[in-house]
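The values are calculated or read from the model by the stated rules, or taken from the named source; none is laboratory data. It should be emphasised that the depicted structure is a prediction, and the values quoted were computed from it without experimental measurement. Every residue, glycine among them, receives a Cβ derived from its backbone with ideal geometry; neighbour counts consider all protein chains shown.
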Ligand code: DNO
C-alpha cells in the first residue's frame, strides 16, 4: 500500500504540495486537470506539466481522479463513439507519461450528493452529512443552487458551474436510461477502451455511487458487492477495476466492506478510506477516520486490504473541517493528515504483527 492525498492542483486547492510532503508516510498525490470538462481533450504536455510540478515537490503523481466521462457515453447517445475516441486520447496522454491509475465514476447527472456540507458536531468540527429526508425536500433542478449556497465559494469536484448551468438538459438526457441501459453503456465503454489500457498498463478504477442508492430517481449501478462483481465479470480483464471507497459503499450499512474487499481482491486498484456515523436508514454524517468516532471498523477494513496483498494507492478520504481551516468541504489538510497517520499506524501494526 502506498499512502497518498488527493490534490486538486495549484489553482483549485487550498492545500499545497509542500504541506502534503510534510505529512509523514505520504508519498504521492492523486490529482487531475481540474479545469477540464467531461469530453475535453487532455494533452501530453498538460499531463507532463502536472507530473513535473508534483515531482518537483518530492512527491509522486500516483494516479488521476478523475478523467470524467461525457454524458453521451453514460446515456449511449449517438455521439458517444466520438467521445470515447477523445477519452482514449486522454488515456494515451496519461499512458505516455507513465500514469497508470484512473479513477472515474458512472453516476448520472450528479457526482456525490450531500444535504449539508458543514454540519457542526459537538466538538466544534464541521462535517459533510446526508439525510434522505432533506434531499427529498429539494427539487432536483434546484440541488445545484443549494449546494452552491453551502460551499462557501469553494469549487466542489463533480459540481462544476458549467454542469449546473445545464441541469435541465442533463436530466432530459437520462430520461430513458434505466439501470440495465446504464450498465450496458458502462460495459460498452470499458470494452472500447481496453486496447489503450492494455497498451499502457492503465488500471481503470470505477468509483462507487455516493450515496449507494438512487437519488432523484436517477439510476445507480455501483452500490454493492453483487453489482461490483457483475461489473468486473462483464469485462473480465485486470484493467477493469474498482476504487474501493469505504464511505460511499458504507453509506449503506448492509454493505460488508471487508467482505467486499476480499471478494474483489486484485481488481481493487485504489482505496478511499474514511468513516461515517449512521443515524437511521438514509441518514449519516461523515466522521473522523478513527473507528470509535463513527460506525465503521477501520482496523477490519485495513486488515482486509492487507490480506489481499494490496499494493496500490490509498488515500484518506473526506476529513472534518477542524482548527478553523478554510478549505474545500471534505478536503482540508488537517483532518486528512490525521487520517493518513491513523491508517498508516494500523498498516504498520498489520505489517509487523498481522500475519
Ligand atoms: C468526492 C469524490 C468523488 C469522486 C468521483 C470519482 O469526494 O470521492 O467526487 O472523486 O466520483 O470520479
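The set of residues in region 110-152 that are in contact with a helix residue (DSSP H, G or I) (Cβ under 8 Å, 6 or more places away or on another chain), within 14 Å of the ligand (Cβ to nearest atom) and over 30 Å from residue 238 (Cβ atoms) comprises 113, 114, 117. Within region 261-272, the set of residues being part of a helix (DSSP H, G or I) and touching a strand residue (DSSP E or B) at 6+ places or on another chain (Cβ under 7 Å) comprises 261, 264, 267. Residues of region 175-210 that are closer than 30 Å to residue 285 by Cβ and in contact with a strand residue (DSSP E or B) (Cβ under 6 Å, 6 or more places away or on another chain): 205, 206, 207, 208.
Which ones in region 99-123 are touching a residue at least 24 places away in the same chain (Cβ under 8 Å) and part of a loop (DSSP other than H, G, I, E, B)? Residues satisfying the conditions are 99, 100, 106, 107, 108, 109, 110, 111, 112, 113, 114, 121.
Taking the numbered list (1) more than 15 Å from the ligand (Cβ to nearest atom); (2) under 17 Å from the mean Cα position of the chain (by Cα) in turn, residue 105 passes all entries but (1). Could you please let me know if residue 168 is surrounded by fewer than 19 Cβ atoms within 10 Å (Cβ to Cβ), under 20 Å from residue 13 (Cβ atoms) and touching a helix residue (DSSP H, G or I) at 6+ places or on another chain (Cβ under 8 Å)? No. A residue that is at pLDDT below 90 and at negative phi cannot be found anywhere in region 127-136.
Per-residue answers, yes or no, for (1) at pLDDT 95 or above; (2) surrounded by fewer than 17 Cβ atoms within 10 Å (Cβ to Cβ); (3) more than 18 Å from the chain's Cα centre (by Cα); (4) within 16 Å of the ligand (Cβ to nearest atom):
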position: 251; (1), (2), (3), (4): yes, no, no, yes
position: 274; (1), (2), (3), (4): yes, no, no, yes
position: 279; (1), (2), (3), (4): yes, yes, yes, no
position: 321; (1), (2), (3), (4): yes, no, yes, yes
position: 355; (1), (2), (3), (4): no, yes, yes, no
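Residues in region 1-17 that are more than 16 Å from the ligand (Cβ to nearest atom) and more than 24 Å from residue 153 (Cα to Cα): 1, 2, 3.
Against the conditions (1) touching a helix residue (DSSP H, G or I) at 6+ places or on another chain (Cβ under 9 Å); (2) over 18 Å from residue 212 (Cα atoms), residue 287 satisfies every one except (2).
Listed here are the strands (runs of 3 or more DSSP E) enclosed by region 1-89 that have at least 2 residues being free of Cβ contacts under 8 Å to residues at least 40 places away in the same chain and either buried (at least 16 other Cβ atoms within 10 Å of the Cβ) or on the phi < 0 side of the Ramachandran plot (or both): 26-31, 60-65. Give me a count of the residues in region 234-249 that are assigned to a strand (DSSP E or B) and either more than 13 Å from the ligand (Cβ to nearest atom) or in contact with a helix residue (DSSP H, G or I) (Cβ under 9 Å, 6 or more places away or on another chain) (or both). Total satisfying the criteria: 4.
Being under 30 Å from residue 340 (Cα atoms), part of a loop (DSSP other than H, G, I, E, B), in contact with a helix residue (DSSP H, G or I) (Cβ under 8 Å, 6 or more places away or on another chain) and touching a residue at least 24 places away in the same chain (Cβ under 8 Å) is not true of residue 95. Selection of region 332-347 for residues being within 15 Å of the ligand (Cβ to nearest atom) and surrounded by fewer than 24 Cβ atoms within 10 Å (Cβ to Cβ) yields only 332. Tell me which helices (runs of 4 or more DSSP H) are completely within region 128-230 and hold 1 or more residues being touching a residue at least 60 places away in the same chain (Cβ under 8 Å) and within 26 Å of residue 62 (Cα to Cα), or say none if there are none. The helices (runs of 4 or more DSSP H) meeting that bar are 179-192, 194-200.
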